[in-house]
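Worksheet for the structure shown next.
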Amino acid sequence: MVVTFLGTGTSSGVPMIGCTCEVCRSLDHRDKRLRVSVHVVVDGRSLVIDSGPDFRQQMLRAGIVQLDALLFTHEHKDHTAGLDDIRAFNFRQQADMPVFAEPRVLQQLQHEFAYIFAEHKYPGVPRVRLHPIERDDEPFDVLGVPVLPLRALHHRLPVLGFRLGGFCYLTDANHLGPETRAQLRDADVIVLNALRREEHISHFTLAQAVEVLEEAAPKRAYLTHISHQLGRHHDVEAELPSWIRLAYDGLKVEV
């Protein structure tokens with residue numbers, strides 16, 4: 001399995017519009033963060049988790065020319081706004097795009113992208129096949145790849161992470177129940193959100209994320225969904241245990 005971090009930033013991205021802090025002015029490429037998304041190649045399948053507003057740029061930058069399915073963690077715009085750009089894969093692959101998400105999230109997509117689902121479609125609109133994730137307590141099949149949902153809370157909003165083999169991906173969360181914490185055990189790699197140092201209503205802080213990871217004890221861990229408030233990549237990473245790293249855009253990890 002090869003995982004590519006397409007974006008590792010929070011909803012405003014880094015640098016943030018109008019900000020002149022040292023992180024937003026940093027010349028370190030690791031401090032330039034598009035909205036959060038990840039590409040996974042597993043068992044010959046090319047999967048993307050979340051297509052935010054930077055989706056087109058991320059596909060071009062990563063050189064991704066084949067996409068077999070799209071998975072959504074939840075319905076917030078920084079995770080869904082790029083859905084229209086799957087058209088390029090429709091044209092190239094001459095096939096509808098399988099989209100996997102909870103029923104609530106699929107309903108939101110149908111509302112926000114109503115033209116995609118209209119009875120009389122405008123020529124050239126994206127073509128999708130919706131696959132509802134009905135249960136959060138058992139694996140579902142993505143074109144032959146078993147994927148285990150990981151339930152989390154984003155403040156009061158139920159969201160999903162995903163486990164594919166030894167790889168676990170959780171973003172936009174600040175609470176994991178005991179069942180999910182158990183599902184993280186024995187993982188090779190865990191990716192978890194760590195927004196900033198200060199308390200936040202809907203995201204793990206750096207200290208909270210490290211605490212979760214120390215309990216789960218994976219072989220390696222990466223932090224994502226990072227804001228400019230966390231600090232410069234080089235400085236923050238120096239504080240972390242060697243097995244926990246900050247993810248950055250373009251990072252590739254073999255699992």
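The values are calculated or read from the model by the stated rules, or taken from the named source; none is laboratory data. Because the structure is a prediction, the values reported are computed rather than measured. Note that we place each Cβ from the backbone using ideal geometry, even for glycine, and neighbour counts take in every protein chain shown. Heads up: the accessible areas ignore ligands, DNA and RNA and are worked out on the full protein's heavy atoms, side chains in. Shrake-Rupley method; radii C 1.70, N 1.55, O 1.52, S 1.80 Å.
The numbered conditions (1) out of contact with any Lys or Arg (no Cβ under 7 Å at 6 or more places or on another chain); (2) free of Cβ contacts under 8 Å to residues at least 60 places away in the same chain; (3) under 15 Å from Leu213 (Cα atoms) are all true for Gln183 except (1).
Considering only region 215-250, state which residues are assigned to a loop (DSSP other than H, G, I, E, B) and charged (D, E, K, R). Working first, answer last.
Of all residues in region 215-250, those assigned to a loop (DSSP other than H, G, I, E, B) come to 217-219, 225, 227, 231-232, 238-243, 247-250.
Matches in region 215-250: Lys219, Arg232, Glu239, Asp249.
Please find, within region 122-136, the residue that is modelled with the highest pLDDT out of those that are assigned to a loop (DSSP other than H, G, I, E, B) and among the basic types (Lys, Arg). I'd like the intermediate steps shown before the answer.
First, pick out the residues of region 122-136 that are assigned to a loop (DSSP other than H, G, I, E, B): 122-127, 133-136.
If we keep only those that are among the basic types (Lys, Arg) as well, we get 127, 135.
On the way: Arg127: 97, Arg135: 94.
Restricting to residues being assigned to a loop (DSSP other than H, G, I, E, B) and among the basic types (Lys, Arg), the top hit is Arg127.
Give region 7-33 a look and list any residue that's in contact with a Leu (Cβ under 7 Å, 6 or more places away or on another chain) and either assigned to a strand (DSSP E or B) or open to solvent by 10 Å² or more (accessible area, probe 1.4 Å) (or both), or say none.
Applying the first criterion (in contact with a Leu (Cβ under 7 Å, 6 or more places away or on another chain)) to region 7-33 yields 7, 9-10, 13.
Result: Gly7, Gly9, Thr10.
Under the condition of being over 18 Å from Gly7 (Cβ atoms), polar (S, T, N, Q) and within 18 Å of the chain's Cα centre (by Cα), the residues counted in region 203-255 number 1. Criterion applied to Val253, Val212, Val191 was being open to solvent by less than 20 Å² (accessible area, probe 1.4 Å), more than 28 Å from Val105 (Cα to Cα), at pLDDT 95 or above and not in a loop (DSSP other than H, G, I, E, B), and the one residue passing it is Val253. Among the criteria (1) surrounded by 11 or more Cβ atoms within 10 Å (Cβ to Cβ); (2) under 28 Å from Gln94 (Cα atoms); (3) modelled with pLDDT under 95, the one Val147 does not fulfil is (3).
Can you tell me which residues in region 123-148 are farther than 16 Å from Pro98 by Cβ and under 17 Å from the mean Cα position of the chain (by Cα)? Selection gives Leu148 alone.
Would you pick out the residues in region 194-209 that are closer than 22 Å to Phe162 by Cβ and in a loop (DSSP other than H, G, I, E, B)? Listed by number, the residues that qualify are Ala194, Leu195, Ser202, His203, Phe204. Apart from one condition, Arg56 fits all of (1) touching a Ser or Thr at 6+ places or on another chain (Cβ under 7 Å); (2) without any contact (Cβ under 8 Å) to a residue 60 or more places away in the chain; (3) not in a loop (DSSP other than H, G, I, E, B); the exception is (1).
Yes or no: His228 touching a residue at least 12 places away in the same chain (Cβ under 8 Å), open to solvent by 10 Å² or more (accessible area, probe 1.4 Å) and under 19 Å from His76 (Cα atoms)? Let's see the steps before the verdict.
Details: touching a residue at least 12 places away in the same chain (Cβ under 8 Å): yes; open to solvent by 10 Å² or more (accessible area, probe 1.4 Å): yes; under 19 Å from His76 (Cα atoms): no.
The answer is no for His228.
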